[in-house]
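Working notes, structure below.
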Amino acid sequence: MRLLITAGPTREPIDPVRFLSNRSSGKMGYALAEAALEAGHAVVLISGPVSLPPPAGVTLVRVETARQMFEAVETHLSGCDAAIFSAAVADYRPAQVAAEKIKKNTDTLTLELERTEDILGSARSKFGFRGFLVGFAAETQNLVEHAQDKLERKQCDMIVANDVSQAGIGFDSAENEVTLCLPGGRKILVPRQSKTALARELIARITQLATPTAPKSK
Ligand code: PMT
């Protein structure tokens, strides 16, 4: 299969030297890319700024902002059999980007934020993607409820629900534990393990679900 994977954070500029971002390290997305390559798939990895080396054999597209990630996904999605959106994309960006470094000459500073492009939500509705669509959901409460809602609203085939309130998993950690939410209310717990091992399991399940004729794993 040909897979598109998004990974890492986005950076939304405030002025020439500052930005809004989050704690995503890219480890989960890069582990997925590595596991997909190991499984024999071709991979386009669309990555926000991270300090990880790209897996050998991947087609790497580097981006900074949510808008750039949106445009890169739009460009590369057609022809892919499956897409996995593991990136932590900013939901909001500064409405105005200051041309010069903002000076600290007031006691408070208010930034007006505007919504960024909803990349996962655009896959079916704007880009017309018909392959196997996997979103992530990073939640600190009501994990499965929010994930099931996302599954339906964004017309996904799977949501990987990630409880990011738990220490040692989720953002910028070596390990992860997730619940896979599937249509019909089906849920599968993938227990805590290294992101490398978890990525292998996810890719095996996605391969099986995306290609109905593939041999069933145990
Ligand atoms: O990078 P690591 O340090 O290894 O951490 C991994 C991770 C915690 C970032 C990863 O496992 C994870 O949970 N990724 C999703 C993070 C996130 O931003 O979730 P969300 O619930 O805000 O977004 C839901 C889905 O919509 C995600 O698939 C996201 O990529 C996508 N999205 C979000 C906002 C936006 N503007 N466009 C999007 O496509």
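The values are calculated or read from the model by the stated rules, or taken from the named source; none is laboratory data. Just so you know, these numbers come straight off a predicted model, no measurement behind them. Virtual Cβ from ideal backbone geometry, glycine too; neighbours counted across all protein chains shown. Quick note on the areas: whole protein, heavy atoms, side chains included, nothing else; ligands and nucleic acids left out. Shrake-Rupley method; radii C 1.70, N 1.55, O 1.52, S 1.80 Å.
Quick check, is T65 modelled with pLDDT of 95 or more, of a type in the set (V, I, T) and within 14 Å of the ligand (Cβ to nearest atom)? The answer is yes for T65.
Output yes when any residue across the stretch 100-110 is open to solvent by less than 90 Å² (accessible area, probe 1.4 Å), more than 8 Å from the ligand (Cβ to nearest atom) and assigned to a loop (DSSP other than H, G, I, E, B), and no when none is. Checking the stretch 100-110: at least one residue is open to solvent by less than 90 Å² (accessible area, probe 1.4 Å), more than 8 Å from the ligand (Cβ to nearest atom) and assigned to a loop (DSSP other than H, G, I, E, B). Only one residue in F129, F85 is touching a Gly at 6+ places or on another chain (Cβ under 9 Å), within 15 Å of the ligand (Cβ to nearest atom), open to solvent by less than 90 Å² (accessible area, probe 1.4 Å) and of a type outside the set (S, T, N, Q). Which one? Criteria check complete, one pass: F85. Tell me whether the stretch 85-92 contains one or more residues that are more than 22 Å from R115 (Cβ to Cβ) and in contact with a strand residue (DSSP E or B) (Cβ under 7 Å, 6 or more places away or on another chain). No: the stretch 85-92 contains no residue that is more than 22 Å from R115 (Cβ to Cβ) and in contact with a strand residue (DSSP E or B) (Cβ under 7 Å, 6 or more places away or on another chain).
Going through (1) open to solvent by less than 30 Å² (accessible area, probe 1.4 Å); (2) more than 13 Å from the ligand (Cβ to nearest atom) one by one, V73 falls short only on (2).
Only one entry in T10, T75 is at pLDDT 95 or above, polar (S, T, N, Q) and within 23 Å of L151 (Cα to Cα), namely T10. Within the stretch 1-54, restricting attention to residues that are farther than 18 Å from T207 by Cβ and among the basic types (K, R), the residue that is nearest to the ligand (Cβ to nearest atom) is K27.
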